[in-house]
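Enquirer: Sharing a structure here in structure tokens format.
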Amino acid sequence: MDRLKNYKKNTKKSSTLFSKSAKFHVNGVSHNIRYFAPYPFVVKKSSGKNLIDVDNNKYTDYWMGHWALILGHAPKIVKDALRKQIDNGWMYGTVNEQTIRLSELISKVVPVAEKIRYVTSGTEATMYSVRLARSVTGRKIIAKIDGGWHGYTSDLLKSVNWPFNESESSGVINEEQIISIPYNDLEKSIEILKKVSKDLAGVIIEPVLGGGGCIPGDADYLKGIQEFCKKNNSLFMLDEIVTGFRFRFGCLYPTMKLDPDIVTLGKIVGGGLAIGVMCGKKEIMEVADTTNKKKSERSYVGGGTFSANPASMVSGFTTLNYLKSKKATYSKINELGEYARKEITKAFDGKVVVTGRGSLFMTHFLRDGITEVKDSQTASRCDTKMLSEFHFKMISEDGIFFLPGKLGAISNAHTKQDIQKLVISASKFN
Ligand SMILES: Cc1ncc(COP(=O)(O)O)c(C=O)c1O
């Protein structure tokens, strides 16, 4: 039976429910990337490494809640902590001790976090970081990476998807104030930055390109961009929303000897609940101080009704506290990632490059003479349709879920046997 037929046969309730969803929601979804053809299965519950859909199909999940769930779905310690918090209320809209505890934990291991502001999504964290950079420097232009994804903020909605020179969306104004540079190509990047140096407020970069292809940044590249920013009095901003607390207890940047002005966090630090975090050096973050600054002096940054709500703060704190006391979690999942990269490459017999770092990995089906993938442009020239087909095959035949076309994340709930199952599936893909 072909894959599509098999999928439709096994997901009848999902099909009916998704048709209903499409009546209420554009594309049937609330986040564009969650749609895949012919229709995404509808999830009824999750636990550990598994998603279970309304037809009772069980999937070993590598999407892991947009890569946020480092301890797996619904881990008991977070569940217990949340239950306790719910008894004491889950939305205060006021200062609370839960937030202070989380900040204490983050600031001990993230040196740049001299001051912190919480929001409820990564998008907001990057949006505010851009505003702060413009306020601090009095300049307008922000540089980002070709293929860099920082959420849906209009300020950074440019050069995300191939072809990078086409607008991502109507409705975005002042696009000329966002410029983009090629990842891991220092010479070209500096050449582009030099052209706008007088107006350059800051550069925002992920130390591992996530949505842009799961591509690690070269330390020398990142250092070179940082050096340019420092000399040019532009802010050097690292987006660690994917990478923060993913590979080690803390951010990735200290291991590369980087010294950013602002770091954004999200995903893992919310323990599965909504969060975005701006961490920055004191003198920069204090430009957001509203208690002693006039409108014209301050940067109006941060907040939102649900910012620093005690539920997100508790789930984030509990998750990080667990990781702090069980650092072996990182060696375990990092090794599984290494194993996955090696074995998937072997299974495809040289037809792929599997990029990534630690517990994040992505398979690129090679074509056009490509032999390595160091930037988004190259990743986009690989056979991305084949990757989506591979992922759909696993959904339909093997009970393995990657959001089609996206990178995979290994959690503490995954085992070596899970990766072996994935490798067998890869070896049978044709
Ligand atoms: C690097 C990076 N920054 C920002 C965001 C946006 O975060 P959110 O989806 O929480 O708004 C994402 C989301 O995937 C991301 O990968």
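The values are calculated or read from the model by the stated rules, or taken from the named source; none is laboratory data. Quick caveat: nothing in here was measured; it's all calculated off a predicted structure. Neighbour counts are summed over all protein chains in view; Cβ atoms, including those assigned to glycine, are modelled from backbone coordinates with ideal geometry. Each accessible area value is taken on the protein alone, full model and side chains, heavy atoms only, with ligands, DNA and RNA left out. Shrake-Rupley method; radii C 1.70, N 1.55, O 1.52, S 1.80 Å.
Enquirer: So how far apart, in nm, are the two label points at K198 and D87 if each is 7 Å from Cα heading toward Cβ?
Expert: My value for the distance between the label points is 6.5 nm.
Enquirer: Determine the distance separating the Cα centre of the stretch 1-47 from the Cα centre of the stretch 94-154; give it in Å without decimals.
Expert: 34
Enquirer: Using only alpha-carbon positions, what ratio does the radius of gyration of the chain give when scaled by 2.2 N^0.38 Å?
Expert: Taking the Cα Rg and dividing by 2.2 N^0.38 Å, one obtains 0.97.
Enquirer: Label H31 and K293 with points 7 Å out from Cα along Cα→Cβ: what is the distance between them in nm?
Expert: Each label point is offset 7 Å from its Cα along the Cβ direction, giving 3.1 nm.
Enquirer: To continue, here is another question. Quick one: grab Rg to one decimal and Dmax as a whole number for the stretch 76-325, Cα atoms only, in Å.
Expert: Taking only Cα atoms of the stretch 76-325, I get Rg and Dmax of 17.9, 57 Å.
Enquirer: Hey, another quick one. Could you work out what % of the accessible surface of the chain is carbon and sulfur, using a 1.4 angstrom probe and leaving DNA, RNA and ligands out of the count?
Expert: Accessible surface attributable to carbon and sulfur in the chain totals 50 percent.
Enquirer: Suppose all protein chains stay in the model; what accessible area per residue would a 1.4 Å probe give for the stretch 39-141, in Å²?
Expert: 48
Enquirer: For the stretch 316-430, what mean projected area does the convex hull of the alpha carbons give, in nm²?
Expert: Values: hull surface 30.9 nm².
Average projection, Cα convex hull of the stretch 316-430: 7.7 nm².
Enquirer: Explain nothing, just compute: Karplus ³J(HN,Hα) = 6.51 cos²θ - 1.76 cosθ + 1.60, θ = phi - 60°, for every residue of the stretch 95-101 in order, whole Hz, x for Gly and Pro.
Expert: With coefficients 6.51, -1.76 and 1.60, one gets 4, 9, 6, 4, 5, 4, 5 Hz.
Enquirer: Enumerate the whole-percent occupancy of each 10 Å bin, from 0 to the last occupied one, for all C-alpha pair distances of the stretch 85-137.
Expert: Taking every Cα pair in the stretch 85-137, the percentages come to 18, 42, 33, 6, 1.
Enquirer: Which residues' amide hydrogens lie under 5 Å from the amide hydrogen of D146, considering only partners 5 or more residues apart or on another chain, with H built in the peptide plane?
Expert: I181, Y183
Enquirer: Could I ask something else about it? Please compute one quarter of the surface area of the Cα convex hull for the stretch 47-165 and express it in square nanometres. Intermediate results must be reported in sequence, preceding the final value.
Expert: Numbers: hull surface 46.5 nm².
Its Cα hull, projected and averaged over all orientations, spans 11.6 nm².
Enquirer: For the chain, what is the mean residue ellipticity at 222 nm derived from helices alone (per DSSP H run of n ≥ 4: -39500 (n - 2.57); sum divided by total residues; nearest 500 deg cm²/dmol)? Intermediate values should be presented prior to the final figure.
Expert: Values: 14 runs with 158 residues, N = 430.
Estimated from H runs of four or more residues: -11000 deg cm²/dmol.
Enquirer: Sorting D80, D261, D349 by accessible area (1.4 Å probe), largest first, what list results?
Expert: D349, D80, D261
Enquirer: Gain in length, K351 to E114, computed as 0.36 nm per residue apart minus the alpha-carbon separation, to one decimal in nm? It would help to have the intermediate numbers written out before the result.
Expert: Working: separation 237, 0.36 × 237 = 85.32 nm, distance 4.62 nm.
Here the segment from K351 to E114 would lengthen by 80.7 nm.
Enquirer: Along the stretch 186-194, what does the Karplus equation 6.51 cos²θ - 1.76 cosθ + 1.60 (θ = phi - 60°) give for ³J(HN,Hα), rounded to whole Hz, x for Gly and Pro?
Expert: 5, 4, 5, 4, 5, 4, 5, 5, 4
Enquirer: In whole Hz and in residue order, list the ³J(HN,Hα) couplings for the stretch 363-377 that follow from phi through the Karplus curve 6.51 cos²θ - 1.76 cosθ + 1.60, θ = phi - 60°; x for Gly and Pro.
Expert: Whole-Hz 3J(HN,Hα) from phi for the stretch 363-377: 8, 10, 7, 6, 7, 6, x, 6, 10, 9, 10, 10, 8, 5, 4.
Enquirer: Same structure again: Report the label-to-label distance for F429 and S331 in nanometres (one decimal), using points 7 Å from each Cα along the Cα→Cβ vector.
Expert: For the pair F429/S331, the computed spacing is 3.1 nm.
Enquirer: With a sphere of radius 15 Å drawn around the Cβ of P404, what net charge do the other residues whose Cβ falls strictly inside it have (Lys, Arg +1; Asp, Glu -1)?
Expert: Details: positive: R3, R34, K385, K393, K406; negative: D61, D383, E389, E397, D398.
Local net charge: 0.
Enquirer: Amide H neighbours of L235 under 5 Å, counting only residues 5+ apart in sequence or on other chains, H built in-plane at 1.01 Å?
Expert: Close amide H contacts, sequence-distant or interchain: G202, V203.
Enquirer: I'd like the FRET efficiency for E191 and K45, computed as 1/(1 + (r/R0)^6) with the beta carbon distance as r and R0 of 56 Å, rounded to 0.05.
Expert: Given R0 = 56 Å and the Cβ-Cβ separation, E is 0.60.
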